[in-house]
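Written below as structure tokens is the structure these notes are about.
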Amino acid sequence: MHFQQLTYFVAVAEARHFTRAAEEVHVSQPSLSQQIRALENELGAELFSRARGNITLTDAGEALLPLARRILADADTARHEVQELAQLRRGRVRLGATPSVCTGLL
């Protein structure tokens, strides 16, 4: 299971349309469909009911949707936290000094 597949899954679930979801995530519709099919194969369950242009979530899709949203949100949070530390916007500063320096300067 890849983040990209989960992103595509959430996009289709929200748009209820493969072509619109593909446009939203900036990929071709066949590529998006292929990734959704790969995700379904990996999970061993169909995530969408595809009935003549009407896309609905299956029970498996309904179960996966909140989990996928949480996984993607946690990944974004992790990315943000690490970037904050790497760019020195956040973190700890530790100073070491002898007691006499600490008394005078700190």
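Among helices (runs of 4 or more DSSP H) entirely within region 27-106, having at least 3 residues that are loosely packed, with under 14 Cβ neighbours inside 10 Å and at pLDDT below 95 singles out 59-86, 99-105. So, His2, is that one within 18 Å of the chain's Cα centre (by Cα), exposed (fewer than 10 other Cβ atoms within 10 Å of the Cβ) and of a type outside the set (Val, Ile, Thr) or not? Considered against the rule, which asks whether it is within 18 Å of the chain's Cα centre (by Cα), exposed (fewer than 10 other Cβ atoms within 10 Å of the Cβ) and of a type outside the set (Val, Ile, Thr), His2 comes out as no.
Just to be sure before I move on: is Leu64 under 18 Å from Glu14 (Cα atoms), in contact with a Gly (Cβ under 7 Å, 6 or more places away or on another chain) and free of Cβ contacts under 8 Å to residues at least 60 places away in the same chain in the structure I sent?
Answer is no for this residue.
The values are calculated or read from the model by the stated rules, or taken from the named source; none is laboratory data. Keep in mind the model is a prediction, meaning the values are calculated, not measured. No Cβ is skipped: glycine too gets one built from the backbone with ideal geometry, and neighbour counts run over all protein chains shown.
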